[in-house]
1. When the accessible area of the chain is split by element with a 1.4 Å probe, what percent falls to carbon and sulfur?
2. Count the lysine pairs in region 21-122 whose Cα atoms sit under 12 Å apart, keeping only pairs 8 or more residues apart in sequence or on different chains.
3. Quick check on the chain: take the gyration tensor over C-alpha atoms, sort the square-rooted eigenvalues as a ≥ b ≥ c, and tell me if it's rounded (a/c under 1.5), prolate or oblate.
4. Could you give the accessible area per residue of the chain, probe 1.4 Å, as a whole number in Å²?
5. To the nearest 0.05, what FRET efficiency results for Ile9 and Phe36 with a Förster distance of 22 Å applied to their C-beta separation?
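The values are calculated or read from the model by the stated rules, or taken from the named source; none is laboratory data. Note that the coordinates shown come from a computational prediction; the quantities given were computed from them, not determined experimentally. A quick note on method: Cβ atoms are made from the backbone with ideal geometry, for glycine too, and the neighbour counts reach across all protein chains shown. The accessibility values were calculated without ligands, DNA or RNA, using every heavy atom of the protein model including side chains. Shrake-Rupley method; radii C 1.70, N 1.55, O 1.52, S 1.80 Å.
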Amino acid sequence: LNNFDRAMITLAHQEAILDEKPELFVQDEEKKILIFRRKNCIFALNFNPISSFADYGFAAPAGKYEVVLNTDDKEFDGFSRLNTGDAHFTVPEKSENGNGKYDDSMSLYLPSRTAVVLKKVD
């Protein structure tokens, strides 16, 4: 937990994510998914204790995003089902899980009880 706290505080300072209010993308009560954006970072959290979701789609601003922090990393005693540094791209379409605000969407693998932070890189 100490390693995760240190990594999250470092990210918060580097990206100044607390300088801006969060923009909610998904609040899925049934699946227990929360996805929001602060500045140029997207936070995807799966609070579900047993269910993982492959290709979970949501509306997002167009661009390329890189995983900069994930709780499933070995460093945080995770199972390494996700890889820090992996790139994800939006595609031009509306998403079933999104709020319809954007014409682009992204899909992620969200393992149970994990948090993923993606940073826009283009």
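1. Looking at the chain in its full context, I get 50 percent from C and S.
2. 5
3. Oblate is the answer for the chain, as a/c is 1.5 or above yet b/c matches or exceeds a/b.
4. 57 Å²
5. Rounded to the nearest 0.05, the efficiency is 0.75.
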